[in-house]
Amino acid sequence: MLLNNIFRQTKAKKHEQRKADLHRALLHYEARIGGQLFGQVPKGGRREFFCLDEHTWVWHEEWIDEKGKRQVMTTRYDVRQNSIVKSQGAHSYQAISEQEAENLYRAIKLYQQHVGAELRRIAQTA
């Protein structure tokens, strides 16, 4: 009986780990697709745009500046019932402008179109 319980718990943990690994891999894949929506990523740089959860969008970019120094900026957008707020780096949340909200909306629509199309393509080949 004890051995069966240990076996069941181990199997359940492995299943949960596989689910977590798959979710993480899918999120990274979607982030790369999202990062390509806005043009070529400069050599040595990295750009990601993705939906973290049903209320949170993340824009992450890394680049080499004109002095050869690596720069990193992460912007987190939290969509609330009556507003959208953002946080960049270590700064606290602040409301975004109407223009930035429109830009974010267009970016989300592009993301949904491109990621959806790519996931459908993958599903058809699987």
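Values in this text are rule-based calculations from the coordinates and carry no lab data. Here the structure is a predicted model, which is why all the values come from computation and not from measurement. Cβ sites come from the backbone with ideal geometry, for glycine too, and all protein chains shown count toward neighbours.
Taking a temperature of 20 °C and a viscosity of 1.002 mPa s, what whole-number D in µm²/s does Stokes-Einstein yield for the chain with Rh from Kirkwood over alpha carbon pairs?
125
Summing -39500 (n - 2.57) over the DSSP H runs of n ≥ 4 in the chain and dividing by its residue number, what mean residue ellipticity at 222 nm do you reach, to the nearest 500 deg cm²/dmol?
Numbers: 2 runs with 62 residues, N = 126.
Mean residue ellipticity at 222 nm (helix-derived): -18000 deg cm²/dmol.
Mind telling me which of Glu100, Glu48, Glu16 comes out most flexible in a GNM of the chain, alpha-carbon contacts under 10 Å?
Taking springs between Cα atoms under 10 Å, the residue moving most is Glu16.
Among the lysines, which fall within straight-line cross-link reach of Lys86, defined as a Cα-Cα distance under 30 Å, with same-chain neighbours fewer than 8 residues apart omitted?
Answer for Lys86, where 30 Å is the Cα cut-off: Lys19, Lys43, Lys67, Lys69, Lys109, listed by chain and number.
Among Ala95, Ala12, Val85, which residue has its Cα furthest toward the positive end of the charge dipole of the stretch 2-125, with +1 on Lys/Arg Cβ and -1 on Asp/Glu Cβ?
It is Ala12.
Let's test this: bin the Cα-Cα distances of the stretch 61-124 at 10 Å from zero up to the farthest pair and state each bin's percent.
Result, from short to long distances: 18, 32, 32, 17, 1 percent.
What is the magnitude of the charge dipole of the stretch 1-100 about its Cα centre, with +1 placed on the Cβ of each Lys and Arg, -1 on the Cβ of each Asp and Glu, and no other charges, expressed in debye to the nearest 20?
680
Could you give the length gained on full extension between Arg120 and Val85, defined as 0.36 nm per residue of separation minus the Cα-Cα distance, in nm?
Stretched fully, the Arg120-Val85 segment lengthens by 9.4 nm.
With labels modelled as points extended 7 Å from the Cα through the Cβ direction, what inter-label distance (nm, one decimal) is found for Arg76 paired with Gln40?
Inter-label distance under the simple model: 3.3 nm.
When the chain is treated as a GNM, springs tying every alpha-carbon pair under 10 Å, which of Gly34, Gly45, Gly68 comes out with the largest mean-square fluctuation?
Gly68
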